[in-house]
1. (1) surrounded by fewer than 20 Cβ atoms within 10 Å (Cβ to Cβ); (2) in contact (Cβ under 8 Å) with a residue 60 or more places away in the chain; (3) in a loop (DSSP other than H, G, I, E, B): which one isn't true of residue 24, the others all being true?
2. What number goes with the only condition from (1) at pLDDT 95 or above; (2) assigned to a loop (DSSP other than H, G, I, E, B); (3) touching a Leu at 6+ places or on another chain (Cβ under 7 Å) that residue 100 does not pass?
3. Are any of the residues in segment 43-59 in contact (Cβ under 8 Å) with a residue 12 or more places away in the chain and of a type in the set (S, T, N, Q)?
4. Residues that are over 12 Å from residue 23 (Cα atoms), touching a Pro at 6+ places or on another chain (Cβ under 9 Å), not polar (S, T, N, Q) and not in a strand (DSSP E or B): does segment 50-67 have at least one?
5. Residue 126: farther than 19 Å from residue 39 by Cβ and not hydroxyl-bearing (Ser, Thr, Tyr), yes or no?
6. Of the conditions (1) surrounded by 14 or more Cβ atoms within 10 Å (Cβ to Cβ); (2) over 15 Å from residue 11 (Cα atoms), residue 56 clears all except one; give me its number.
7. How do the pairs read when you match residues in segment 105-118 that are on the phi > 0 side of the Ramachandran plot with residues anywhere that are assigned to a loop (DSSP other than H, G, I, E, B) and of a type outside the set (Ser, Thr, Tyr), using Cβ under 9 Å and keeping only pairs 6 or more apart or on different chains?
Amino acid sequence: MRLKKILAVKSKITRALPHGAQIDVCDNSGAKILRLISVKKIKTTKGRIPAGGIGDLILASVIKGKPEMRKKVVFAVIVRQKKEYRRPDGTRVKFESNAAVVLKDDKGNPQGTIFKGPIAKESCERWPGIAKIASIIV
């Protein structure tokens, strides 16, 4: 399976969600909670636990949701994180919750049709499929 070339993020995102983190799903795909398995296209140092931040493509298993979605391994994109991060203009951004959007495939097409809550600008710049459906972009 080949991964699509992922665009660079314009700001320095603090990677706040380590391997094994539980993340809420903010779309209507049928999944409710994901467990982060791995972060794609990430390079770390030896011994460090891989972690993801806003805009990262992750591989996650569905812990809670509709019976047909449970125990499936899906691609997702992180769209919100509680840990604050800095934008190039100096502003710092943080959200109330950690959230992700489930994808149909690794190309960036979302499985759901409605997103609940705000979506970070960085993830919309990187994933145009998410930007099309997002109603609130912060």
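1. Tallying (1) surrounded by fewer than 20 Cβ atoms within 10 Å (Cβ to Cβ); (2) in contact (Cβ under 8 Å) with a residue 60 or more places away in the chain; (3) in a loop (DSSP other than H, G, I, E, B), residue 24 fails exactly one: (3).
2. If we test residue 100 against (1) at pLDDT 95 or above; (2) assigned to a loop (DSSP other than H, G, I, E, B); (3) touching a Leu at 6+ places or on another chain (Cβ under 7 Å), just (2) comes out false.
3. no
4. Yes, segment 50-67 contains a residue that is over 12 Å from residue 23 (Cα atoms), touching a Pro at 6+ places or on another chain (Cβ under 9 Å), not polar (S, T, N, Q) and not in a strand (DSSP E or B).
5. no
6. So the condition that residue 56 fails would be (2).
7. That search, which allows pairs on different chains as well, returns 108/4; 108/6; 108/127; 117/26; 117/95; 117/96; 117/136.
This table checks each residue for (1) in contact (Cβ under 8 Å) with a residue 40 or more places away in the chain; (2) out of contact with any Cys (no Cβ under 7 Å at 6 or more places or on another chain); (3) aliphatic (A, V, I, L, M).
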position	(1), (2), (3)
73	no, yes, yes
81	yes, yes, no
86	yes, yes, no
93	yes, yes, yes
102	yes, yes, yes
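The values are calculated or read from the model by the stated rules, or taken from the named source; none is laboratory data. Worth saying up front: this structure is predicted, and the values here are computed from it rather than measured. Cβ sites come from the backbone with ideal geometry, for glycine too, and all protein chains shown count toward neighbours.
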